[in-house]
Amino acid sequence: MSLNAWLQQARKRLHAGRQRSLLWLADEPGALQAAIDALTEPAQWLWLDSGGVSPLHVPDGVVQVYPNQAQHYLGSEWQGLIVDGFSGFDPDMLLALSATLQAGGVCLLLTPPNWSQQSNQALQRWLSAGQRLPIKSRLAAWLGQPWQHYRGSLSELPSLPTCTPQPRPEGLTYDQQQVLAALHTLNDSDIWLIRGRRGRGKSTLLAELVQAARPARTILLSNHPAALRTFLNRLQALGWQKTARNAWQAGTGATAKNVPLKKSGTPLPELKIMAPDTFLATSPSCDLLLIDEAARLTLPVLARLLLTPAPIIMASTDEGYEGAGQGLRLKLNQHIPAGRVLRTFELNTPTRWSADDALERILDQTLLLHAELPEAPCGDGVSIVPWNRDDMRLLPHLWALLRTAHYQTRPRDLLQLLDAPGQHVWLAWRASQVVGAVWALEEGGLDAVEGHVRGHLVAQRLAQLRDDSLWLRQRSLRITRIAVHPALQGQGIGSQLVQAVLLAPVDFVSVSCAAEACLQRFWQRQGFEQVHVGAKPNRASGVPSAIFINHR
């Protein structure tokens, strides 16, 4: 069976079951190129290029996207995705753009037959000076086993997907209806957060809320207007009309849906779309403020927006690849102004594919989106041991710890954790269970240093501050994450992890973190000296960064 014939039959089955699926073709580049050149409807395919050198070229008509462009394609829909595994593999990029794949669509992964024995070129963007790509990819090995069911070659394609036909749902989901039903309780002190994974109907619900509330002046904030296609299409279907480039007005009578005729002399509700920085710079008045994809905003920007004297409704995905990562889940409560009330709604039911969608399920499993911590074990004392990165049985537990402890942990960090050179992890064990971890990376050790070098964050900053390249020549470790089971914090486990790092044979150990009093006290108790505090707040945390070192 040819690739086109397989895809045609697979799409019929997937579409009937409102499913999407993965097809992993591990073959020689020449054969793969011939097959993708022959694809029908090339304009319906999106090509994911991680930026590395690849023997494959993009067929005519297929749209090519690089990692730094991925956000611009959210909100669009495609019948097929092609992931060029020869160019590297970027987990953030695949996870984000998988949401653009329609029900009935196929995600086509192209790799060499020995994929895990090849360098992952996506890692090239994060290598520091003096580092080289490893000759194999642990991440590819980690993905390979659970994805084996979807693997084949052009001469031996895998079995066609099996799907149970499902009717297309009509109207709003139960989750969406519950939010809409609560609209009558919305008042000026309320801040609503509508949270859900992609494909759960957040944009559609925002349009329905605007239509039902019909405030005189609504402002929608978005840094990516192209991602508002679904919202604007729904608004238009509800009778709203575009009056200017970024302005819309509600319809009346026959053009409006489920809305009484406008009373004489009453102005029609209006909606304006603008960027968050424009809103903060001009402070326009509004009766309702909508914030689209709030997790893409930094927490300091979000904190300023939440001071707006109007009801606020935010919609957000917090799967980890947005600007604030999981900050909305872990830190939003700290930024709610006094006198305001936060109410969170969850949208769990997919609207664009079935609840048991095969592609979403396999990505969840392998990219550890829902890795959960077990209950804390009983007992006293811990043992600290280094983690061998080739032993990936502990990866889900380790990842759950890191996600819980640090709001900017994202799927792309799996790539660095597993494949990047110079990574070191120590684990804290209690009763045969991992209850803590510290992740550090190598810096310095450079022989010849002239001008700016790539990476080496703390070592390079110290060399600049003290005008002494010795800091870059010395070998050091920079602690980048430290995590302890939430139920066991305050028992000295974090301190024991830090002490294990201090035993490493390096010239000094450093950490760069927020200059908050609690963190300053912690690092000083570990024997670290604060040597620098930034002059400006960090964009992500809103707090200046501080550098601490423990010089051996």
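Just so it is clear, none of the values below were taken in a lab; they were calculated from the coordinates. Computed from a predicted structure; not experimentally measured. Cβ atoms come from the backbone with ideal geometry, glycine included; neighbour counts cover every protein chain shown.
Near V531, the amide H atoms lying under 5 Å from its own belong to I547, F548, I549; only residues 5 or more places off or on other chains count, and H is placed 1.01 Å from N. Of the chymotrypsin sites (Phe, Trp or Tyr not before Pro) found in the stretch 131-221, none is in coil by DSSP with at most 11 other Cβ atoms within 10 Å of its Cβ. For the stretch 30-36, 3J(HN,Hα) computed residue by residue from phi via the Karplus equation (6.51, -1.76, 1.60; θ = phi - 60°) reads x, 5, 5, 4, 4, 5, 6 Hz, glycine and proline entered as x.
For a footprinting-style exposure proxy, rank E270, E372, E450, E442 by other Cβ within 10 Å, fewest first.
Numbers: E270 19, E372 10, E450 7, E442 22.
Taking fewest neighbouring Cβ atoms as first place, the list is E450, E372, E270, E442.
Within a straight-line Cα-Cα reach of under 13 Å, K136 can be paired with the following aspartates and glutamates, leaving aside sequence neighbours fewer than 8 residues apart in one chain: D390, D419.
Other residues with beta-carbon under 15 Å from the beta-carbon of T40 carry, at +1 per Lys or Arg and -1 per Asp or Glu, a net charge of -1.
In the chain, the calculated helix contribution to ellipticity at 222 nm averages -7500 deg cm²/dmol per residue, counting -39,500 (n - 2.57) for every DSSP H run with n ≥ 4. Given R0 = 25 Å, the distance between the Cβ atoms of Q236 and H72 translates into a calculated FRET efficiency of 0.70.
How about the stretch 68-160: which trypsin sites (Lys or Arg not before Pro) there are in a DSSP loop, with at most 11 other Cβ atoms within 10 Å of their Cβ? Don't jump to the answer; show the numbers that get you there.
On the way: sites: R125, R132, K136, R138, R151; in loops: R132, K136.
Filter output for the stretch 68-160: R132.
Looking at the stretch 374-469, which trypsin sites (Lys or Arg not before Pro) are in a loop (DSSP not H, G, I, E or B) and have at most 13 other Cβ atoms within 10 Å? The partial results should precede the final answer.
On the way: sites: R389, R393, R403, R412, R430, R454, R461, R466; in loops: R389, R454.
Those that pass, being in a loop and sparsely packed, are R454.
Put in line by how crowded their Cβ is, counting other Cβ atoms within 10 Å and starting with the fewest, D413, D390 read D390, D413. The slack between L160 and A431, meaning 0.36 nm per residue of separation minus the straight C-alpha distance, is 93.1 nm.
Taking 20 Å as the straight-line reach from the Cα of K536, the aspartates and glutamates in range (excluding those fewer than 8 positions away in the same chain) are D277, E516. Per-residue Karplus couplings for the stretch 418-432, computed as 6.51 cos²θ - 1.76 cosθ + 1.60 with θ equal to phi - 60°, are listed in order as 8, 10, 5, x, x, 9, 9, 10, 10, 10, 9, 10, 9, 6, 6 Hz, Gly and Pro entered as x.
Arrange I313, I362, I36 by Cβ neighbour counts within 10 Å, fewest through most, would you? List each step's numbers first, then the result.
On the way: I313 27, I362 19, I36 22.
Result, fewest neighbours first: I362, I36, I313.
You can think of it this way: the chain between A338 and D356 has 2.4 nm of extra reach, that is 0.36 nm per residue less the Cα-Cα gap. 3J(HN,Hα) along the stretch 82-92: 10, 9, 7, x, 5, 7, x, 9, 10, x, 4 Hz, from the Karplus curve 6.51 cos²θ - 1.76 cosθ + 1.60 with θ = phi - 60°, whole Hz, x for Gly and Pro.
Determine the gain in length on full extension of the stretch Q145-A281; use 0.36 nm per residue of separation and subtract their C-alpha separation, reporting nm with one decimal. Display every interim value, and only then the final one.
Working: separation 136, 0.36 × 136 = 48.96 nm, distance 5.09 nm.
Separation in residues times 0.36 nm, less the Cα-Cα distance, equals 43.9 nm.
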